[in-house]
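Here the structure is laid out as structure tokens; the discussion comes afterwards.
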Amino acid sequence: MARTHTSLQKQPTRRDTVRRLRPVARSETKISLNDEIAHLRDLDVKGLRARWKSMFRREPPLDLPRHLLFAVLAYRLQADELGDLAPDTMRLLKQLASNGTTSGVMQLTAAFDRRRTELKPGTILTREWNGQTGGFAWNGKNYDSLSKVAFAITGTKWNGPRFFGLRDETLVEATA
């Protein structure tokens, strides 16, 4: 029986693609990110414009001052080396840029925050303190949840966070 050999090749990452597309942006000898940014600081406007052209393959905007040229180039170096913003954050920033009203910005950021803080059903929250995790202590006994502590205190079933005043009242009123 003949055996076939398949070679497992590493799929190119965005970083590999960027490096292939921008060979002039970074020299083949590995320079640390801090050294590259320090080098950018030493460049004048003409040098920063040349570096921009080598990184982005186009001329920089003519009205961009030196400090912004430096900031964009430094950000791009850091993003290439350490990773860029998450896609949902990029999407939010693009929406914010297209929607110039203050109320629109507030609505977009509130919705974004809600999406990032909402917990999925079944999520278990734990807290670590001094290397120990889990539970709540009351009167020398440990309880698994605030609801069980509230039950121990009152003898009736309560929503633990509501009993201890941990619910945001404006949020509760808005949903009621």
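Values in this text are rule-based calculations from the coordinates and carry no lab data. Source: prediction; values computed, not measured. Neighbour counts run over all protein chains shown; Cβ positions are idealised from the backbone, glycine included.
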**Fill in**
If we take region 32-106, then helices (runs of 4 or more DSSP H) inside it with 3 or more residues that are over 25 Å from the mean Cα position of the chain (by Cα) are 33-42, 45-56
**Message:** Being in contact with a Lys or Arg (Cβ under 7 Å, 6 or more places away or on another chain) and without any contact (Cβ under 8 Å) to a residue 12 or more places away in the chain is the filter here; which residues of region 44-59 pass it?
**Reply:** GLU59
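Would you mind stating whether ALA86 is surrounded by fewer than 12 Cβ atoms within 10 Å (Cβ to Cβ) and either closer than 30 Å to ILE31 by Cβ or touching a residue at least 40 places away in the same chain (Cβ under 8 Å) (or both)?
On the way: surrounded by fewer than 12 Cβ atoms within 10 Å (Cβ to Cβ): yes; either closer than 30 Å to ILE31 by Cβ or touching a residue at least 40 places away in the same chain (Cβ under 8 Å) (or both): yes.
In short, yes.
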